[in-house]
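The values are calculated or read from the model by the stated rules, or taken from the named source; none is laboratory data. Nothing here was measured: the structure is a model prediction, and the numbers come from that model. Here the Cβ positions follow ideal geometry from the backbone for every residue, glycine too, while neighbour counts run over all protein chains shown. In case anyone asks, the SASA skips ligands and DNA or RNA and just uses the protein heavy atoms, side chains included. Shrake-Rupley method; radii C 1.70, N 1.55, O 1.52, S 1.80 Å.
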Amino acid sequence: MSPILAGVLQLIALVAALALAYRPLGDYMAATYSSRKHLRVEKIIYRCIGANPDTEMRWPAYLRGVLAFSLAGVLFLYLLQRLQGSLPLSFGFASISPDQAFNTAASFVANTNWQSYSGEQAMGHVVQTAGLAVQNFVSAATGMAVAIALVRGFSRTRTGDLGNFWADLVRGTVRVLIPIAVVGALVLVACGAIQNFSGIHEVGQFMGGTQQTNGGAVASQEVIKELGTNGGGYFNANSAHPFENPNGFTNLFEVFLILVIPFSLTRTFGKLVGNVRQGYAVLATMGVIWLGFTALMMWTEFAHGGPALQAAGGAMEGKEARFGIGGSSIFSVATTLTSTGAVDSFHDSFTAFGGGIQLLGMMLGEIAPGGVGSGLYGMLVMAVIAVFIAGLMVGRTPEYLGKKIGTREIKLAACYILITPTLVLGFTAASMVLPDALGSIANTKALGAGPHGFSEVLYAFTSGANNNGSAFGGLNANTPWYNTTIGLAMLLGRFLPMVFVLALAGSLAGQKPVPETAGTLRTEKPLFAGLLVGTILIITGLTYFPALALGPIAEGLS
């Protein structure tokens, strides 16, 4: 079987699996977030944290819950790392330095999982399981809660109430993430992923000699890192490591885990607003972009030239031979179009245009299908902007799902889409003029960093501000400058957009529904889905094209 055919068949199998899971999972999540009943374990959690899950919250109270919970997570994870040297099961690893501890705490709480360290050489089992793995669950549940709050903004009338953050957080964790993670971990263990608490031990090498390797609760952390679109691996090689990703089946299964909740949330959205066709329109938009990027990535990586690349069957540098070009391309696009950041190959080694596709996927805002929760609310904000543009074209007051998109709503949406580019381009520009920051680039040339060196820095801040977490490996980001600035980019890129999303939700929830007329734009139709795709690509292109021209485009054309 040719490598291209193998890649296409993997893609077809993945689409079929996602299609089978779409309706039942989407309906289940809709029932979860609209239920009036509380499970016994949920009641215990509410008593422990002192929360009343039946109290309705307006957007400022909901936001305070999000920020207070996240701040507590940052402080707890920071202290856990700083105290690692005194914790059991640390295997002699030293406590993490202040700047790196801040970076890692910000990273995992912000659902980014950027890692400026090698997991098997820095983190003991307590930090991995009680710190990092726990944040993988709750940071994903936080994103889902904010998305559901925005959906309630569209579905509720003249109340301003968005539900209860603590109830949404607990339900997303207990009823959605944990059950799927348990089943997924069993699948990974059955396929060869490790799950233990063994320490460091010596193993023999094929060519002679020995090397040290760690055990760990890898399968349980691997499944939630993918399912929650987190991305932080137990090992430095991430999902290219056979302990995390043993074979071709687990590779495709992990891609399925990355995509299944973000895609299925569009069904949840349709059910909660009372019109499943609205969910299908959002799904179609996400699906067109995802399939287009996947096909383009496979084309760029298979369209190789030169005898060495032809002999290897493709651009195999930095790719895992077990998965090949097709599997690596599918995984790469899935992680950069979501906020996952897990890798089964090294993005720095992709072709120049392949690296540009990865960058562009993150620059879209990771909304196709995007992160768990963040993909849906990001796409809905873009839908608000698309409706506003359509309204300008025909001279009508824009409406979406029966709610008017007025001055306040469009200002909030505009602020949302301006935050991330400001962080990415601002920090990248500063890093390209500071000598200490330039010294971290492995591809520095006599007259500067060169296109690829610039791409490494641009990728780092694009990944951080968009809460992705993957990296171009040629950049040494474990320095005070990059640990601090990327940490700030991750926190600001995660929580500032949530401020505007929840403010938008509150504004919409306080409105009276607008009756549909003959002139109302039908947002469940293919025409609107096409308009939404065009809006996303045009806004991203106008914002980032100059930076892309200096990096991957210049490198690819040289």
**Fill in**
Within region 490-509, the residues whose backbone N lies under 20 Å from a label point placed 7 Å from the Cα of residue 56 along the Cα-to-Cβ direction are 502-509
**Asked** Expressed in nm to one decimal, what extension gain is obtained for the pair residue 91 and residue 236 from 0.36 nm per residue of sequence separation less their Cα-Cα distance?
**Response** 50.5 nm
**Complete:** Honestly region 252-385 on the Cα gyration tensor test (a ≥ b ≥ c root eigenvalues; a/c under 1.5 rounded, otherwise a/b vs b/c for prolate or oblate) is just prolate
**Prompt:** Under a point spin-label approximation (7 Å from Cα along Cα-to-Cβ), what is the residue 517-residue 418 distance to one decimal in nm?
**Reply:** 3.1 nm
**Prompt:** Within the set 403/525; 37/512; 37/525; 271/525; 37/411, which residue pairs have Cα atoms separated by over 26 Å?
**Reply:** 37/512; 37/525; 37/411
**Request:** Could you tell me the accessible area of residue 118 in Å² (1.4 Å probe, neighbours in place), rounded to the nearest ten?
**Result:** 30 Å²
**Prompt:** Which net charge results when you count Lys and Arg as +1 and Asp and Glu as -1 among the other residues whose beta-carbon is under 14 Å from that of residue 38?
**Reply:** +4
**Prompt:** Tell me, what is the percent relative contact order of region 47-187, built from C-alpha pairs under 8 Å that lie six or more residues apart?
**Reply:** 31 percent
**Request:** Would you mind computing the Rg to Rh ratio of region 46-193 from its alpha-carbon coordinates, Kirkwood style for Rh?
**Result:** 1.04
**Asked** Between residue 34 and residue 191, what FRET efficiency follows from the Cβ-Cβ distance if R0 is 35 Å, with the result rounded to 0.05?
**Response** 0.50
**Listed peptides 535-546, 348-359 by packing density, highest first (mean Cβ within 10 Å)** = 348-359, 535-546
**Complete:** Mean Cβ-within-10 Å packing, highest first, puts peptides 490-503, 47-60 in the order 490-503, 47-60
**Request:** Please say if region 4-112 is rounded, prolate or oblate, where rounded means a/c under 1.5 for a ≥ b ≥ c the square roots of the C-alpha gyration tensor eigenvalues, and otherwise the choice is prolate for a/b larger than b/c and oblate otherwise?
**Result:** oblate
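Which shape class applies to region 318-443: rounded if a/c is under 1.5, otherwise prolate when a/b exceeds b/c and oblate if not, where a ≥ b ≥ c are the square roots of the Cα gyration tensor eigenvalues? Write down the numbers at each step before the final one.
On the way: a/c = 3.18, a/b = 1.65, b/c = 1.92.
Since a/c reaches 1.5 but b/c is at least a/b, the shape of region 318-443 is classed as oblate.
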**Item:** Added length on full extension, which subtracts the Cα-Cα distance from 0.36 nm per residue, residue 79 to residue 434
**Value:** 124.7 nm
**Item:** Environment charge at residue 191 (Cβ cut-off 13 Å; Lys +1, Arg +1, Asp -1, Glu -1)
**Value:** -2
